[in-house]
Amino acid sequence: MGYLVAASLSEALDALGRPDAAVIAGGTDWFPAQGSRPLKGDLVDITRVPGLRGITQDAGGWRIGGATTWTDLIRADLPPAFDGIKAAAREVGSIQIQNAGTVAGNLCNASPAADGVPPLLTLGAVVELASTRGIRRMGLSEFLKGPRQTARMPGEVLTALIIPDLPVGAQGTFLKLGARHYLVISIAMVAALVTLDRGRIVQAAVAVGSCSATAQRLPALEADLTGRSAADVLAAGAGVILPAHLAPLAPIGDVRGSADYRMEAASTLCARALHMAIEQGGQSHG
Amino acid sequence: MDKRTAPDLTAFHLNGQVVEVAADPGERLSHALRERLGAKDVKIGCNAGDCGACTVLVDGAPVCACLMPVQQAAGAKVETLTGLVKADPHADRLVNSFQAHQAAQCGICTPGMMVSAVALLRAQSAPDAAQVQDALGGVLCRCTGYRKIIDAVVEAGAGHAPAPEGSGDVGTTIRRLDGLPKVTGTEAFGDDVAPPDALVLRVIRSPHAHAGFTFGDLDGFRAANPGIVAVLTAADVPGLNAFGVIPGFIDQPVFAVDHVLFRGDAVAAVVGDAATMARFDPADFPVTWEPRPPLMEVEDALAPGAAQLHPGRAHNIMCGGHVACGDAEAALARADVTVEGQFTTVFVEHGYIEPEAGFAMMDGDRVVVQACTQAPVMDQDALMQILALPRERIRIVPTAVGGGFGSKIDVSLQPFLALAAIRTGRAVRMTYERVETMQSTTKRHPAAISMRIGASRDGRLCGMTFDGDFNTGAYASWGPTVANRVPVHASGPYRVADYRATTRAVNTNCVPAGAFRGFGVPQSAVAQESLFDMLAARLGMDALEFRILNALDNGVPTVCGQVFAQGVGVKPCLEALRPAWAAAQADCDTFNVAHATRKRGVGVAAGWYGCGNTSMPNPSTIRAGLRADGTVVLHQGAMDIGQGSNTVIPQIFARAFGVPVHDIALIGADTDLTPDAGKTSASRQTFVTGNAARLAGEALRKAVLGQVNASPDAVITLDTAGLTVTDGAQTFTLDLARLSPNPAGYVLEVAETYDPPTKPLDKNGQGEPYAQYGYAAHLVVVEVDIPLGRVRPLRFVAAHDVGQAINPLLVEGQVHGGIAQGLGMALMEEYIPHRTENLHDYLIPTIGDVPPIETLIVEVPDAHGPYGAKGLGEHVLIPTAPAILNAIAHATGARITRLPATPARVRAALKEAGHA
């Protein structure tokens, strides 16, 4: 039983090769899950691994390091496509949670209500996993296998999220519905990413969280939106969303809301998120 | 190279000092700060990041210390409230403004609030309210309703000097006399007082709602775990293995013997040294459960053939209540208009941020228990029975209480701690985990209510019937009180000549339901005040004017046949809302014309609440003395759980004695030092203990004046020269040295008792249950997001008849806090056994949920109250929930009859009401 503050990635990966070793970063999910049970096994702290924290841009797109906190993300200078993930970041728990919790941890925890997932799905995020066996990458939707289940293998660390370059003018939005302000697990949430060109939608991505085992993109909706005039979509109001668009969703009923309610709320939030994206995108880019 | 820090030291800067700790791997920073470095100003409310009480700054950034491994803080700069108060100018201003605004009530969340506020003020000069809300959104408060906190931070940021305080006389606002430690981080709560070498106790609790159980080899278990000093079970209880609060209903075992009746029922306690207990996993305790089918709902428990949970309680009906006057059915039959409805409410968690905590130790042959409590003498009573010890061998020294709201009237960990201290001869401490407090301590009763109300065409009430079943859970607690209080209050503060109200308290396998601010009356008010709006609508009358027309008044009998010649203040409360009512209706109409998917509505509701026990004695005694050096000492045993009795009672005493309140020396609650001031409950402290303080002040004044034969209106002055009496042109300096002090050190000492005059209720509930009631009326404006069903209160106007505000800002504090709890009950709070046992699945309002509140203090003096004062604490949340439901109905036409009005339930009701 020990606590290793890893000074390098290779040191972290070596340590994680031991049985019962677990990664800890922000701790904001780890401690609540642990409760007051005594620690069994080792903890490998990756928050001081050089290069693992922060957001950088290179030829392949944007790279969000595995130890990047929500606050780091909120403060980063990023294009409007990231407005959705930034809005989600501001809704993660509280400022206290945002200062410690990491974007990567939110994905590894794999809650169906993980605030970061819908906007990252709209951004086409790819996760990078490292272990002593090497590095592999996969799409976020492939990484998330189900509630509390991911493709991360024992000994692997989520070292980065990679966001491919996005069209100039892409505008992201995010809406979260909860029963209170702050510190709330969502009943439903929606992220949208819309790119306008001369009043037409040339690209749209919409993802819904808390309404299925893992957050889902809505490909049929995205296809219907592509090529439509932004004014038409705004004029259609809530009618822009058709039941068939929501086919990937399979909400459950729980203490936060019934399945039927979630489905209906998702539809309302999708329309509102799209309208916001169109209005904000229109303002920023004429 | 192995960099494991397991046996290593972790070094960081704590409040400017370099510190080193040898912490366990992955130890929470909060634990290391409190237990290894003595930083008890870091409060732990949930250990899950849900409450923010443990907020500290790490390299300037607020984080939850409970979610950070201490090893992660290595080399960092960690700042806590006590350090900030010494070194940071923002903290200094906040200390001032928090006191001036009474932004700290119980004080348990205050360190988290203030540390978060310092981080904000460092980054943002002169923040506005919205910025304060964003910055403090991660810290929960259950007492204040948050608005005073927002005001305090905005004011500190703006750099304004707080308004000067009043003289301290009755009717003036002063800072809390016990307020400074709350805002500097030095207040000592239940978990802050144990000696460093205290043993640690953990309770083994049932994971099942209903089960038989057998222990394995307990001796073997203890032998295999050398750090474990004792294992306690029912066999170790020397006296009565039961506790409760009402004679005849002492039914909850300290340790269950062979079967458990709810998830959380205690079966054993394990006591060991701190290091051993930190590694102890309750799952390793040798106990085998045989689950039985649980009865979770009232209808299950009442069903023919259901298991009977307690002997003598056929069909699991524990008790009932009944009040009847006139002929309700005949009146309803002749009424021109009748309405009826079924209303359902759920378990509500008190949600105080301080979990139960404390320690016990031996002092010679006496056992001393220091823990948070609302009722020290009742704790002593319970321990006398359980421990089979006389009163003089048990001392209760209450710590500061980090919120109670009714649940800390009952004993919780006191029996475990006392038994363990006696067994081991050592100090033994315990702090409930958040899950443990939520599983095992009492809740507000769920209610299933059927109600019918009639009226004649002229708008006068004509007949009312009420039937309510209350799920009282596995054990009695205050269930009988709820069953009795509700029929007395279910009419609301109105003239109802023909009335019948009947209640039943039903045992189930749920967590015990007990006392929670209002004892069932907030539930009955939901039904009655909702139906009043429906009735007014059927009559075509204005909802506020309908209430004013039917309001109780002086000389008009209550449903118990009690006639008050004076002091009935509900009509002035309702009338005080008229201007806001008219303006809000106009505002809503304007808004609604312009908006399709959002609709606004305004709702009103009224309430009343009898102060003190129902037709039962509940005396308070206050003791005071004069020392030979001229110091006047007030022994004040009324527990201050944040509501302010540590300030109000001295203000009353000082008025009666005739000196400024700041000249009085205070001794706080301790069963060795303060006489019984009763429980802090039933909105009785200002009224009952206040009267005892008034009598004690008057008696001591009389004794002092008698020393010099001064006239009754002579002026007493306390200063460094001692005590002088000025009587007209004559001035006497008392030569106190010539008087011989008594064993307590007083040359003059008084003790006075007050017990409210009540009369018993007959079989129809007729009599005089209370010597006084307090009255209230609330108005709320809400906005409903029609497609989502989300309800957002926009503002409250709250009129409260308090007879005489002793300290007007404390009145506002009670109003704000009660409204926040009523808002939570209305919109979000639902405790579901087994499912919402934490503060992220169980939601209480945050700083973003409580809108501005305007408090209208109405003062219709009461002849029984000290200087006319009436109780207030519980009255506040009675009208809040129905006012919100009425506002939703006004906005949308949708009537919510099941609480809480979550977005999903509101949306379903909106669709039923025809909204797209």
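Where a number appears in this text, it was derived from the coordinates with a stated rule and is not lab data. Predicted, not measured: the structure shown is a model, and the values here were computed from it. With ideal geometry, Cβ positions are generated from the backbone for all residues, glycine too; neighbour counts draw on all protein chains shown.
In angstrom, the C-alpha Rg and Dmax of segment B:319-375 are 24.7, 73. Quick note on the protein assembly as shown: its Rg to Rh ratio, both from C-alpha atoms and Rh being the Kirkwood radius, is 0.97.
Computed over chain A, the per-residue total of -39500 (n - 2.57) for DSSP H runs of n ≥ 4 gives a 222 nm mean residue ellipticity of -8500 deg cm²/dmol, rounded to 500. The three principal axes of the Cα atoms in segment B:444-499 give end-to-end lengths of 46, 16, 15 Å, sorted in falling order.
Looking at segment B:414-507, the pairs of alpha carbons with a distance over 17 Å make up 65% of the total.
Looking at the protein assembly as shown, the DSSP beta bridges with both ends there are about 80 percent antiparallel. The lysines within cross-link reach of B:LYS571, meaning a Cα-to-Cα straight distance under 23 Å and a gap of 8 or more places when in the same chain, are B:LYS870. Of the complete DSSP H runs in chain A, those spanning 18 angstrom or more by Cα along the long axis with a mean Kyte-Doolittle score not below -1.0 are A:259-285. Ordered from longest to shortest, the equivalent ellipsoid semi-axes for segment B:82-213 are 33, 19, 16 Å, each the square root of 5 times a Cα gyration tensor eigenvalue. Over the Cα atoms of segment B:840-912, the radius of gyration divided by the Kirkwood radius equals 1.11; this is the Rg/Rh ratio.
On the principal axes of its alpha-carbon atoms, segment B:366-411 has extents of 29, 16, 11 Å, going from largest to smallest.
For chain B, the 222 nm mean residue ellipticity estimated from helices alone, with every DSSP H stretch of n ≥ 4 adding -39500 (n - 2.57) and the total spread over all residues, rounds to -8500 deg cm²/dmol. Separation of segment B:74-105 and segment A:1-72 by C-alpha centroid, Å? Answer, in whole Å: 32.
Rounded to the nearest whole angstrom, the semi-axes of the ellipsoid equivalent to segment B:181-280, taken from the Cα gyration tensor as √(5λ), stand at 27, 22, 13, largest first. Across the alpha-carbon atoms of segment B:403-442, the computed radius of gyration and Dmax are 11.6, 33 angstrom. Kirkwood radius for segment B:23-68, taken over all pairs of different Cα atoms as the inverse mean of 1/r, rounds to 10.4 Å. Here the Debye sum runs over all C-alpha atoms of segment B:456-581 as equal scatterers in vacuum, and log10 of I(q)/I(0) at q = 0.09, 0.15, 0.16 Å⁻¹ comes out as -0.30, -0.76, -0.84.
Segment B:561-637 and segment B:7-52 have Cα centres separated by 43 Å.
Positive end of the dipole of chain B (Cβ unit charges, origin at the Cα centre): among B:PRO743, B:ALA909, B:GLY697, the Cα lying farthest that way belongs to B:ALA909. Across chain B the C-alpha pair distances fall into 20 Å bins from zero in the proportions 14, 46, 34, 6, 0 percent.
If you wrap the tightest convex hull around every Cα atom of segment B:731-824 and split its volume per residue, you get 265 Å³. Taking the centroid of alpha carbons for each part, segment B:771-830 and segment B:863-916 are 9 Å apart.
Here the Debye sum runs over all C-alpha atoms of segment A:50-164 as equal scatterers in vacuum, and log10 of I(q)/I(0) at q = 0.12 Å⁻¹ comes out as -0.37. Cross-link pairs exceeding 18 Å in C-alpha to C-alpha distance, out of B:LYS43/B:LYS679; B:LYS77/B:LYS182; B:LYS148/B:LYS182, comprise B:LYS43/B:LYS679; B:LYS77/B:LYS182. Backbone amide hydrogens, once placed in the peptide plane, bring B:ARG684 within less than 5 Å of B:GLY612, excluding anything fewer than 5 places away on its chain. Here the 3J(HN,Hα) profile of segment B:844-851, calculated from phi with Karplus coefficients 6.51, -1.76 and 1.60 at θ = phi - 60°, is 10, x, 9, 5, x, 9, 9, x Hz, Gly and Pro shown as x. One compactness figure for segment B:1-179 is 1.10, namely its Cα radius of gyration divided by 2.2 N^0.38 Å. For segment B:333-472, the equivalent ellipsoid derived from the Cα gyration tensor has semi-axes of 46, 16, 12 Å, listed largest first. Temperature 4 °C, viscosity 1.567 mPa s: under these conditions the Stokes-Einstein estimate for segment B:483-542, based on its Kirkwood radius over C-alpha pairs, is 97 µm² per second.
Taking one quarter of the surface of the convex hull spanned by the alpha-carbon atoms of segment B:620-754 gives a direction-averaged projected area of 7.7 nm².
Entry note: segment A:170-285 has Rg to Rh equal to 0.98, where both radii use alpha-carbon atoms and Rh is the Kirkwood radius.
Taking every alpha-carbon pair in chain A and binning the separations at 5 Å intervals from zero gives 1, 6, 12, 17, 18, 16, 12, 8, 5, 3, 1, 0, 0 percent.
Taking Cβ atoms as reference points and 12 Å as the exclusive limit, the residues near B:GLY75 contribute a net charge of 0, counting Lys and Arg as +1 and Asp and Glu as -1.
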